[in-house]
Structure formats: structure tokens, C-alpha cells
Amino acid sequence: MTVQILADMQRRRRRAAGFTLIEILLVIVIILLLAGALVVFVLPQQKGAEKNTTRLMLQGVGTALDTYRLNLGHYPTEQEGGLDALVKKPSFENERMGDKWSGPYVKPGTTFDDPWGHKIRYELADRAATGETAGALPYKLYSVGPDGQPDTDDDIKLAAESTDPNSGSAPK
């Protein structure tokens, strides 16, 4: 009889040692709920972060362009390499212009790509041809955004700060 009792106790221990199917399913459901909440709350934040990162990058490049203009008296042209003139010294016909270049104007290794892998666009604007106001920037600096298509609603552009007191966003 003692042997029978010992055998029953060993069978009970084996059954109690593992997880039941209900316990395993409950853990899986909890993990799926947490993963779903992560997707719902984190993915929209990532899209906003990519756009904010692009805006900050455009502001940094805009500052580098302004510094370039202060040193050389003009913004880089396509003949000078466009945005690449901020990283690498262009070849100037006038030797005195080459001496004024004090770059690099951005950190070495900087790439002019947005978070979606598209090149940042830089175009010098002809104010007389476009009829822009005096407060506008003499260049266009923008990202084509997530869709990669220019002139769509998701484009991210560097805009000049308004000096109009009625606009509510005067420079600081």
C-alpha cells in the first residue's frame, strides 16, 4: 500500500510541474495585447519624429548656407557643387574667392539625405522671375517627404522666419 501511495504522489507532482494549456494561452494573449498597444502608440510617434528630424536638418543646413554666404558673399551655385560646397572646397576661378572659403560648414561625414533616403533639394531662387517678397529666402531648401514626390502635401520645407508683427511668429 505504501508503494501505491508513493506512485500516486509522483504522478501528481508530474502533472503539477508543467504549465497548463490555459496558462500558456493566457500568456500569449497578454503578449499580443502589449504588442498591439506598442504598434498603436509608437508608430505614429515615429512618423512625427522623422518629420521633426528633417526640419532640424534643414535648419542646420540653412545655417551652414548662411555662413557660407557671409564668408563668400553669395550662396553656393550648382557650378560650385550646390550643397556639396558646404563640405568640400569648390574650385574657384578667382583665387581670392577660394581663400575666403572657411569650411567645412557642416560636420564631416554629413549626408544630405532625409530619413526616407531622399536627397535634400537645394535650388537658388531668382527673386525677380518668381516675384517673391523681400522677406523670402533667396533659395529653396526642402525634402520631398515620405512619398518621394516633389510638390505634394508631405514635403518639408525650410521657411524664412516672418518679420511681420501681425503674423505672430517674429524671430527671436
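The values are calculated or read from the model by the stated rules, or taken from the named source; none is laboratory data. Because the structure is a prediction, the values reported are computed rather than measured. With ideal geometry, Cβ positions are generated from the backbone for all residues, glycine too; neighbour counts draw on all protein chains shown.
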Which pairs have Cβ atoms under 6 Å, sit 6 or more apart or on different chains, and link a residue in region 111-129 that is farther than 16 Å from residue 151 by Cβ to one that is among the hydrophobic types (A, V, I, L, M, F, W, C) and at pLDDT 85 or above?
112/83; 112/120
Can you find a residue in region 39-52 that is more than 25 Å from the chain's Cα centre (by Cα) and without any contact (Cβ under 8 Å) to a residue 40 or more places away in the chain?
no
Count of region 61-94 residues which are under 27 Å from the mean Cα position of the chain (by Cα) and polar (S, T, N, Q)
3
Taking region 102-137 and keeping residues at pLDDT 85 or above and either in contact with a Ser or Thr (Cβ under 7 Å, 6 or more places away or on another chain) or surrounded by 14 or more Cβ atoms within 10 Å (Cβ to Cβ) (or both) leaves 104, 105, 106, 112, 114, 115, 116, 118, 120, 121, 122, 124
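Here is a list: 60, 18. Which entry is surrounded by 11 or more Cβ atoms within 10 Å (Cβ to Cβ) and of a type in the set (Gly, Ala, Ser)? Quick ask: steps written out before the conclusion?
Numbers: 18 fails: surrounded by 11 or more Cβ atoms within 10 Å (Cβ to Cβ).
Unique residue meeting the criteria: 60.
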Within region 78-88, is there a residue that is at pLDDT 85 or above, in contact with a strand residue (DSSP E or B) (Cβ under 9 Å, 6 or more places away or on another chain) and part of a loop (DSSP other than H, G, I, E, B)?
yes
Only residues that are touching a helix residue (DSSP H, G or I) at 6+ places or on another chain (Cβ under 8 Å) and of a type in the set (Ser, Thr, Tyr): list them for region 14-69, please.
68
